[in-house]
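A quick write-up on the structure given underneath.
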Amino acid sequence: MAAPILQVSQLTKRFGNLVALNDVSLEIRKGEIFSIIGPNGAGKTTLFFNIIGLQKPDAGRVLFNGTDITGKPPHKICSLGITCTFQVPRAFANMTVEEAVRVGAYRRYQGREMLRKVDEVLQICELEEYRHQRCCDMGLAPLRRVELARALATEPVLLLLDEAGAGLNPTELAGLMDILRRLNEEKHITLCIVEHVMQMVMGLAQRIVVLDYGEVIAEGTPQEISTNPRVIEAYLGKGAVC
Amino acid sequence: MTNILLQNLINGALTGCIYALIALGLSLIFGVMNVVNFAHGDFVMLSMYLTFWIGLWAGADAVFTPLLTFPALFLIGLLAYYALIDRTLRQRYVTQIAVTVGLMTFLRALAQLIWKAQPRALPYSLIQGSIQIGPYTILASRLVSAAVSVLAILGVYLFLSQTWAGRAIRAASDDLDAASLLGVPYRQTYALAFGLGSALTAIAGGLLMTFQQVDPTMGVRFGLLSWCVLAMAGLGSIPGLLISGIIVGAAEAIGMSLWDPRARSLIVYLLFILVLWLRPRGLFGRK
Amino acid sequence: MRRTRKDWNLILIVALLGVAVLLPLAVRSNQYTLVLLTTILLYGVLATAWNVIGGLAGQLDLAAGAYLGLGAFTTGTLLIRWNISPWLGMILGGLVAIGFAFLVGYPLFRFGVKEVWYALSSAALVEVLRVTFLIWSQVGGPVERYLPYHEWSLYHLRFATYMPFYYIMLGMLVLALLVNHWIRHSRLGYYLMALGENEEAAEVLGVNTQGCKLQALAVYAFLVGMTGGIYACMYGFIHPNFFSGPMSTEVAILGIVGGLGITYGPVMAAILLVSAREFLRANLGGQLEGLYLVVYAAVLILIALFRPQGLGPLVRQAYDRLLSRVAKE
């Protein structure tokens, strides 16, 4: 069993009276493809934001390779090796694809090496033909890949993806899953996909954690999760378990 | 010595209620569309000038002028929204606020040109005299102004909580997407917020004219005051605005009497910066 | 041998520089024109420096007057009291400007603080400094403090004619343009562009948004502070009115009208608008002096509504068309 690379322990986040995350604990192991799923409003995105540093938890800790990153600013977390892509693409609208990826590449490189990194990443994400297009002129599927490319250019050890599969047709989805699989196997990047699209979860994830109402209700392999009655109940409501 | 200090404190606190009213107008606009109307202070100046002219020509008392100036400023607010803000909603944020900076510069420079630096004041008011409480004298005009301001703030509070339009504004400031899904038309809501926020300056302007004079630099002063009150209060709490207004008014008065009367803007600014350093969300803010 | 676009750009730059260098010699005797040209250059410098914080970092800064005044007072006071050369005074003035800039910028550039607070605070800073220096009679006070007169002193940076100031200003303009250009094509430039587009995305990609904005602010404040020193020597005195709100707004207007982020944009806007201001002043007389500000404001609003990219891109299009026609021949 591989060593844990990210450890979330007893993470709690409140918004006024609403408890978005309640004592959430999970572990992501090095080199695996991990997934967080749950019905709408379960707190997946909140958990996501709290790990990546865009929100500060009210209680609990996040450890990355033993280092406490709880509440650290996102740019520091990126330097340590974690980055993410967003559900609603936060595109650099007026920049070209190449320029956007450069921003990521500048994290670790300068000059010619930076340019080489950009080329490499554009290749992996199959964006070579879009190099000089402005991000605001891109369709959803290629834009998702631009988000991915930007993130990859920072050479993350752990990459978090928030609903990267949403809104993609079957072909686009398969293409994305392909790229992600290759990233995991060839580049050894640990992936954590927060997803709704079950196809992607079942097709990629090795371990899954299920959230509901801000709490972890199940953990296991895709096989175990898909037959877990509590999970089915969370998604389909009581009475759906037959 | 302390008597004078306390006297100034009371005066300042009363004036602070008017500051709160002005800031409330700003808060409505900022809360809903994340745009600060840089010209808001100059709208106050505009209201004061309108009050002056109406008072002079119609012989009306400053307290009654809001009957005319309120709708006037409301219309001006709507006009400003549709002509300027609405069109820049899709632009970069710098451009959005630049437009209101342009409006501010325009109004201010125009006022300087037309009215020169000569201050104007209304010669009389129905509200005369003062009240004595122990060693302290409170001008009736200041007391009435404070009372009317608080009533106006209360009125806005009720509007926001009881009427559909008001609740639409609150919804839009909380979550625009959700609000539009519920049928809240965002453009009209924005326009309403802008119009209402601007119209509140009409009330404040009228009240101010009962004991103040107006000149083209008023915009600078009330601009800074309203930003300071807003920063201190944060967004989302109307009682917070009132309290902040009183604090700012009191601080201004104390500073002026302890330090230097010319330093009034300095004290307010120091307060402003202090709040932004320590609590950028404001003391009572919920967002 | 066919000339590339880069070649043509170089030719244009050299030509413009040549004109700029030779211009004052042509109008040597006319002090009025010299002052006008120097003033255009001055606004060009200020607006180009503003571009770093306004165009590249995307913050609406309204404190140019604050930094100008701080630079002027630092340089002027050092010269008057301790006979320290403005060449050194300028640098110190720039540093003082940075100090005050950080006072406002540090808390307000924190991630998550709404951008508008910086704009408001910077606008207020100018006004407050003006009042402060008005009251503070030890350093300021309501009366002008005159710099020592010298007919021609390079050390004291005082001259009886405006000609040397023209060239110094020109040098500052070249510096400001180079700084702009260099930043745009550097990592800082990309980071600034990114955070201007989407701050959250930039942060998760490793951009220290607060740090980057502060860097841009420091560059801008330093340049303006330095220019303040020259400004004091040009006018021969220092006065709290140097902390001018209207001037700060003017600088921002030039930056926006010229085109946010475009290196040469603000200079063009400066040439256009400052000339227009002079024209108005000369033809309409002192009574309607404030009119130019009304015109500026109107121009700003119109540009923001109808041509938010500014005039820069329009000129660029015209230049492109001219180039393609020339290249055909």
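Assorted remarks:
- Among residues of region C:90-126, those that are without any contact (Cβ under 8 Å) to a residue 12 or more places away in the chain, part of a helix (DSSP H, G or I) and either touching a Pro at 6+ places or on another chain (Cβ under 8 Å) or open to solvent by 10 Å² or more (accessible area, probe 1.4 Å) (or both), counted: 4
- Residue within region C:140-147 that is surrounded by fewer than 20 Cβ atoms within 10 Å (Cβ to Cβ), more than 14 Å from every other protein chain (Cβ to nearest Cβ) and in a loop (DSSP other than H, G, I, E, B) present: yes
- Filter result for C:Leu78 (more than 14 Å from chain B (Cβ to nearest Cβ), in contact with a Phe, Trp or Tyr (Cβ under 7 Å, 6 or more places away or on another chain) and farther than 21 Å from B:Thr95 by Cα): no
- For C:Thr227, the requirement of being more than 14 Å from every other protein chain (Cβ to nearest Cβ), in contact (Cβ under 8 Å) with a residue 24 or more places away in the chain, assigned to a loop (DSSP other than H, G, I, E, B) and not aliphatic (A, V, I, L, M) is not met.
- Test: residue in region C:180-195 that is crowded, with 22+ Cβ neighbours inside 10 Å and under 29 Å from C:Leu25 (Cα atoms): yes
- Checking every residue in region A:72-92 against the condition of being in contact with a strand residue (DSSP E or B) (Cβ under 9 Å, 6 or more places away or on another chain), assigned to a strand (DSSP E or B), farther than 25 Å from A:Val210 by Cβ and among the polar types (S, T, N, Q) gives zero matches.
- Given (1) under 24 Å from B:Gln188 (Cβ atoms); (2) more than 16 Å from the chain's Cα centre (by Cα), index of the condition B:Ile54 fails: (1)
- Filter result (on the phi > 0 side of the Ramachandran plot and more than 24 Å from the chain's Cα centre (by Cα)) within region C:115-163: C:Gly141
- Among the residues of region A:82-110, those identified as within 7 Å of chain C (Cβ to nearest Cβ) and basic (Lys, Arg) are A:Arg90, A:Arg102, A:Arg107.
- Single residue of C:Ala49, C:Ala64, C:Ala26 found to be within 14 Å of chain B (Cβ to nearest Cβ) and among the hydrophobic types (A, V, I, L, M, F, W, C): C:Ala64
- Yes/no for A:Val194 being within 27 Å of A:Val62 (Cβ to Cβ), among the β-branched types (Val, Ile, Thr), open to solvent by 10 Å² or more (accessible area, probe 1.4 Å) and under 13 Å from the mean Cα position of the chain (by Cα): no
- Restricting attention to region A:44-69 and to residues that are surrounded by fewer than 23 Cβ atoms within 10 Å (Cβ to Cβ), in a loop (DSSP other than H, G, I, E, B) and in contact (Cβ under 8 Å) with a residue 12 or more places away in the chain, the residue that is farthest from the chain's Cα centre (by Cα) turns out to be A:Asp58.
- Within region C:303-319, being within 9 Å of chain B (Cβ to nearest Cβ) and either part of a loop (DSSP other than H, G, I, E, B) or open to solvent by 80 Å² or more (accessible area, probe 1.4 Å) (or both) holds for C:Phe306, C:Pro308.
- Taking each residue of region B:153-181 that is polar (S, T, N, Q) and looking for partners that are surrounded by 14 or more Cβ atoms within 10 Å (Cβ to Cβ) with beta-carbon atoms closer than 6 Å, six or more apart or interchain, yields B:Ser173/B:Gly31; B:Ser173/B:Val32; B:Ser180/B:Tyr186.
- B:Ala204 being open to solvent by less than 10 Å² (accessible area, probe 1.4 Å) and more than 14 Å from chain C (Cβ to nearest Cβ): yes
- In the set (1) assigned to a helix (DSSP H, G or I); (2) away from chain C (no Cβ under 14 Å), the condition left unmet by B:Gly31 is number (2).
- Summed over region C:175-201, residues that are without any contact (Cβ under 8 Å) to a residue 12 or more places away in the chain and either farther than 22 Å from A:Gly53 by Cβ or more than 7 Å from chain A (Cβ to nearest Cβ) (or both) total 4.
- Test: residue in region C:53-67 that is in a helix (DSSP H, G or I) and either polar (S, T, N, Q) or open to solvent by 10 Å² or more (accessible area, probe 1.4 Å) (or both): yes
- Against the list (1) of a type in the set (Phe, Trp, Tyr); (2) more than 14 Å from every other protein chain (Cβ to nearest Cβ); (3) more than 17 Å from the chain's Cα centre (by Cα), the condition C:Tyr166 fails is (3).
- Of the listed requirements (1) touching an Asp or Glu at 6+ places or on another chain (Cβ under 7 Å); (2) buried (at least 17 other Cβ atoms within 10 Å of the Cβ); (3) more than 14 Å from chain A (Cβ to nearest Cβ), C:Thr209 misses just one: (3).
- Within region C:1-25, tally of residues that are at pLDDT below 85, surrounded by fewer than 10 Cβ atoms within 10 Å (Cβ to Cβ) and not in a loop (DSSP other than H, G, I, E, B): 2
- Here B:Ala60 clears all of (1) part of a helix (DSSP H, G or I); (2) more than 9 Å from chain C (Cβ to nearest Cβ); (3) free of Cβ contacts under 8 Å to residues at least 60 places away in the same chain except the condition numbered (1).
- Applying the criterion of being open to solvent by 60 Å² or more (accessible area, probe 1.4 Å) and in contact (Cβ under 8 Å) with a residue 24 or more places away in the chain to the residues of region C:264-296, the residue that is nearest to the other protein chains (Cβ to nearest Cβ) is C:Leu272.
- Selection from region A:149-170 of residues that are free of Cβ contacts under 8 Å to residues at least 40 places away in the same chain and either in contact with an Asp or Glu (Cβ under 7 Å, 6 or more places away or on another chain) or facing chain C (nearest Cβ under 10 Å) (or both): A:Gly165
- So C:Gly261, is it at positive phi and either in contact (Cβ under 8 Å) with a residue 24 or more places away in the chain or outside any helix (DSSP H, G or I) (or both): yes
- Restricting attention to region B:89-128, the residues that are in contact with a Ser or Thr (Cβ under 9 Å, 6 or more places away or on another chain), more than 8 Å from chain C (Cβ to nearest Cβ) and without any contact (Cβ under 8 Å) to a residue 40 or more places away in the chain add up to 1.
The values are calculated or read from the model by the stated rules, or taken from the named source; none is laboratory data. None of these values were measured; they are calculated from a predicted model. Cβ atoms come from the backbone with ideal geometry, glycine included; neighbour counts cover every protein chain shown. We work out accessible area using only protein heavy atoms, side chains counted, and drop any ligands, DNA or RNA first. Shrake-Rupley method; radii C 1.70, N 1.55, O 1.52, S 1.80 Å.
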